[in-house]
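Contents: one structure, followed by commentary.
Just so you know, all these numbers are worked out from the coordinates, no wet-lab data involved. It should be emphasised that the depicted structure is a prediction, and the values quoted were computed from it without experimental measurement. With ideal geometry, Cβ positions are generated from the backbone for all residues, glycine too; neighbour counts draw on all protein chains shown.
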Amino acid sequence: MQDQLWFEPLVWTDYRLALLFAVLFPLILLIWAFVQKNETIQHLLTIYWRVSSLLAVTVYLMIAAVPLSFISGLMARVLIPIALWFWVDLNEEINDQSRTPLKLAFNSWRWAMTVYSALGALASLPFLQCAISQTALNTRFCRVWFDPPLLFKQYFHANTSVRFLGFLGVVGLLVYVACLSYFVLVKLSKQGRSATQQ
């Protein structure tokens, strides 16, 4: 049995926190905003789900041990806080809303997600070598990041091949990059920082 690396428990903790902050809380908030008919928070959370889908893509890439997964994971942590704070019109509308439990919960989650993403991005920088060096990728230093996604595979894709899941991850990444490129090169110049401008 291999000796456990000192940061291995932190890797598992990171995945658990991601499940909590990136999936569970925003899902609850989206349902809550829908019930309360708060269209502004619904809109911002819809944008969040689009951007954070890169985290799901990263999990599938990591199941197949694709080196690019370390870059996509870092990019997700950078893009998520940008998506949460970029839109001037949505920020103003949220600030102008009366104080409600939903607004408090949403803003608390938004700040927590921002801090979590920023710390995660900084912590992932040393692991970028795993994306550019096959030698590094084959070490326990890098492969420890693949353990939680492989456990996810056991639970949800037990009878699916690793190569097929990796293929889905690559296709998802290509679609994501195409959509992001279209937004940056075409839509951003037209709508600026207004999420509601068509």
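Axis angle, to the nearest 10 degrees, between helix 101-124 and the longest C-alpha principal axis of the chain: 30 degrees. Computed from Cα positions, the angle between helix 39-63 and the longest principal axis of the chain comes to roughly 10 degrees.
What angle, in degrees between 0 and 90 and rounded to the nearest 10, separates the Cα long axis of helix 147-156 from the longest principal axis of the Cα atoms of the chain? The answer is roughly 70 degrees.
At 4 °C and 1.567 mPa s, grab the translational diffusion coefficient of region 27-114 from Stokes-Einstein with a Kirkwood Rh over Cα pairs, rounded to a whole number in µm² per second. Stokes-Einstein gives a translational diffusion coefficient of 93 µm²/s. For the chain, lysine pairs separated by 8 or more sequence positions, or belonging to different chains, with Cα-Cα distances below 29 Å total 4. P(r) for region 128-198, from all Cα pairs and a bin width of 5 Å, is 3, 13, 12, 15, 16, 12, 9, 11, 8, 1 %, short bins first. For the chain, a Kirkwood radius taken over Cα pairs fed into Stokes-Einstein (10 °C, viscosity 1.306 mPa s) yields D = 87 µm²/s. Measuring between their Cα centroids, region 13-79 and region 124-190 lie 14 Å from each other.
Peptides 176-189, 86-99 ranked from most to least packed, by the mean per-residue count of other Cβ atoms within 10 Å: 86-99, 176-189.
Protection proxy ranking, highest mean first, for peptides 5-13, 21-29: 21-29, 5-13, where packing is the per-residue count of other beta-carbon atoms within 10 Å, averaged.
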